Amino acid sequence: MDTGLLDGLTIGLQATLSLEMLLYCFVGVFLGTLVGVLPGIGSLATISLLLPITYHLPPVGAIIMLAGVYYGAQYGGSTASILLNLPGHAAAVVACLDGNPMAKQGRAGVALFMTTIASFVGSMLGIVALVLFSPAIAELGLEFQAAEYFSMMVLGLIAASTLTSGSPAQGIGMVLLGLLLGTIGTDINSGVTRFDFGVTELMDGINLVALAMGIFGIAEVITSITNMRGVKASEKVTLRSMVPRINELKQSIFPMLRGTSVGAFFGALPGTGPAISSFMAYAVEKRVAKDPSRFGKGAIEGLTAPESANNAAAQTSFIPTLSLGIPGDAIMALMLGALIIHGIQPGPMLISTQPELFWGLIVSFGIGNVMLLILNIPLIGVWVSILRIPYEMLYPAILIFISLGTYSVNNTPFDIYVVAALGALGYCMAILRFDAAPLLLGFVLGPMMEENMRRALVLSRGDIATFIERPISAWLLGFTAIILLFATSRALIGFIRSQLSKNKENDEMHTTP
Amino acid sequence: MNLKDKRSIIGGLSLAGIGLGAALYSQQYPMGELTQMGPGFFPTMIGILLIGFGLLVAIPAFFAQGTPIKFETKSFVVVLISIVLFGFMLHPLGLPLAAALSSFVSTFAGQKPLKAKILISISIAAITYCIFIFGLSMSIPSWPSLFNS
């Protein structure tokens, strides 16, 4: 069934233009912005917290809400960056660079206003890209069999783990740990329970929400308690102060478009998302600028381009998830988990078998972004005053919410203990500077990878070469190898360089009297 | 001044250790053959890879620079204890009491005066009751089961 664009949009509108759906959309984007504004709790934690609540909602409504949290957070994230020099989450770090200087110059209102506009532009154009490319990629995905799925997942995992911070070996190690944690529980094929250590509750495996909340949420709280001590936002922001100068608006048009292209591209790739897109967009702007020295001191392009980028990326990261069923990062993995829980099989068939879901989601993105635009401008003042609540009053509530949210999945206190245990693990990982996102990806994809590997081997009668003999699979593994090579050489060069400079230091130490 | 990159050493060796443990533990599950992968196959494979990559992380770290590790023990212990306490107390004490007790404990990671701690705990108990039991009508015990017959 090949739906044309207009038909698709009609289906989507029919699915979303009900008070119920619009409410879910609103709740999602509102929560998303709120959570994006608040440092110390991110969209990942919120989405996992909301997962159990969405069980009671119809699948379309559930995904609309969760997606709203995701791209809504990209609107709010820069608020704390601008006002407090404290990013709300990774993708908002870049906003500190030029946003905070602008605030210090008394231009916080303009900065906040422009980031909202930039976010809107980035999102809307990102949605266009999403609509244009998803059906085409889904067509390609129909050629996929078990071997191709396996290779695609390998590519996604390797890309995600090597392109993040830290050495590629670390990232891959995290993925492997996630894969391992995913094997805990009953193996579907054989009925054998693995790694349950005799504990009944572990026979279903580790609860996804408990894992996400523990490793990301609890760990973040523990680190934030010390980091957030004594930090306060000072400014009061009025509506009048938000109006930018005309030439600033003009200056921002091309940066927004450039940022959107960067974001749309990197968002669709597995392993890269809003955070990396915002860094890239900043780098591009600086490279293209007539006077690069303005950057870091309040250059408006340094603020608007990354904002468009991270919003565009947030939209396009749905492309691989919806058209192939392969998540590009941890949050998409959660979305996928949510779909599976609702009994929806993600994959290339999704667009044709569940057109209301696909098109409904797309239309909700558009509606959601419009809501955000309207919401954010008057609410900027509200966000600012919320940021004044000292973190010490906030975090006990956050902890209880996390525990309760996890509990509500299975109504068993065991899950709360799991959160604590994984929180301990997550904190240790954070201290050791090991990035946890690849772990989540590995955890969600693990069972699927094993299943596809097993199936591919059954189909090929035990011939491992099938992964290289089948053309699409070979290409995917080829890309994986290229990424691995690239990452390894980068790591090696960095290592050699650090050794050389260490030797230089030692020489200098010995020669100076 | 020869600070090794302790972080990667500890992390890498831990990963390798976990991998070794997993690979060994998986031996009790049937491996099957390539044509019919058994439940033990995948975990063993991952375990072995983990050993490799764990060492790959740890060994270069012996030659690299690192910064001292800062472990916030007080926050760590307080937060974890408060969560475990919550899990313990939820059924026996019901939500509001368990929430109040647990948040009271967790406030000790901060530096607010005692009165503020008590106030925060009570307000959290009230808020969570309203949101979770009133608003979302989740089936969570709200009254201590000790009081039930």
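The values are calculated or read from the model by the stated rules, or taken from the named source; none is laboratory data. Just so we're clear, the structure is a prediction, and the values are computed from it rather than from any experiment. Cβ sites come from the backbone with ideal geometry, for glycine too, and all protein chains shown count toward neighbours.
A compact table of results
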quantity: Residue check for A:Val458: touching a strand residue (DSSP E or B) at 6+ places or on another chain (Cβ under 8 Å), within 26 Å of A:Gly185 (Cα to Cα) and either modelled with pLDDT of 85 or more or surrounded by 13 or more Cβ atoms within 10 Å (Cβ to Cβ) (or both); calculated: yes
quantity: Single residue of the stretch A:418-445 satisfying the filter (over 11 Å from A:Leu211 (Cα atoms) and aromatic (Phe, Trp, Tyr)) that is surrounded by the most Cβ atoms within 10 Å (Cβ to Cβ); calculated: A:Phe434
quantity: Options A:Ile188, A:Ile127, A:Ile137: the member that is touching a residue at least 24 places away in the same chain (Cβ under 8 Å) and within 14 Å of chain B (Cβ to nearest Cβ); calculated: A:Ile188
quantity: Scan of the stretch A:258-278 for residues that are modelled with pLDDT of 80 or more and within 18 Å of A:Gly99 (Cα to Cα), ordered by number; calculated: A:Gly259, A:Pro274, A:Ser277, A:Ser278
quantity: Residue within the stretch A:57-68 that is closer than 30 Å to A:Arg107 by Cβ, β-branched (Val, Ile, Thr) and in a helix (DSSP H, G or I) present; calculated: no
quantity: Pairs where the first residue, in the stretch B:70-96, is at the interface with chain A (Cβ under 7 Å from one of its Cβ atoms) and the second is part of a loop (DSSP other than H, G, I, E, B) and surrounded by fewer than 19 Cβ atoms within 10 Å (Cβ to Cβ), C-beta under 8 Å, 6+ apart; calculated: B:Leu90/B:Pro141; B:His91/B:Pro141
quantity: Any pair with Cβ under 6 angstrom, 6 or more apart, that starts in the stretch B:119-145 at a residue that is more than 9 Å from chain A (Cβ to nearest Cβ) and ends at one that is at pLDDT below 80 and outside any loop (DSSP other than H, G, I, E, B); calculated: B:Ser142/B:Ile133
quantity: Meets criteria (within 21 Å of A:Met453 (Cβ to Cβ), part of a helix (DSSP H, G or I), away from every other protein chain (no Cβ under 12 Å) and touching a residue at least 60 places away in the same chain (Cβ under 8 Å)) for A:Ala160; calculated: yes
quantity: Within the stretch A:403-413, considering residues that are touching a residue at least 12 places away in the same chain (Cβ under 8 Å) and at the interface with chain B (Cβ under 8 Å from one of its Cβ atoms), the one surrounded by the fewest Cβ atoms within 10 Å (Cβ to Cβ); calculated: A:Ser408
quantity: Any hit, the stretch B:78-87, residues being part of a helix (DSSP H, G or I), modelled with pLDDT of 85 or more and over 18 Å from A:Phe414 (Cβ atoms); calculated: yes
quantity: Residue satisfying condition, being closer than 30 Å to A:Ala305 by Cα, assigned to a helix (DSSP H, G or I) and either of a type in the set (A, V, I, L, M) or in contact with a strand residue (DSSP E or B) (Cβ under 7 Å, 6 or more places away or on another chain) (or both), within set A:Leu6, A:Leu51, A:Leu23, A:Leu97; calculated: A:Leu97
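Let's see how each residue does on (1) more than 7 Å from every other protein chain (Cβ to nearest Cβ); (2) assigned to a helix (DSSP H, G or I); (3) more than 14 Å from B:Val84 (Cβ to Cβ); (4) touching a Gly at 6+ places or on another chain (Cβ under 8 Å):
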residue: A:Val382; (1), (2), (3), (4): yes, yes, yes, no
residue: A:Ser385; (1), (2), (3), (4): yes, yes, yes, no
residue: A:Glu392; (1), (2), (3), (4): no, yes, yes, yes
residue: A:Ala397; (1), (2), (3), (4): no, yes, yes, no
residue: A:Tyr417; (1), (2), (3), (4): no, yes, no, yes
residue: A:Gly423; (1), (2), (3), (4): no, yes, no, yes
residue: A:Phe434; (1), (2), (3), (4): no, no, yes, yes
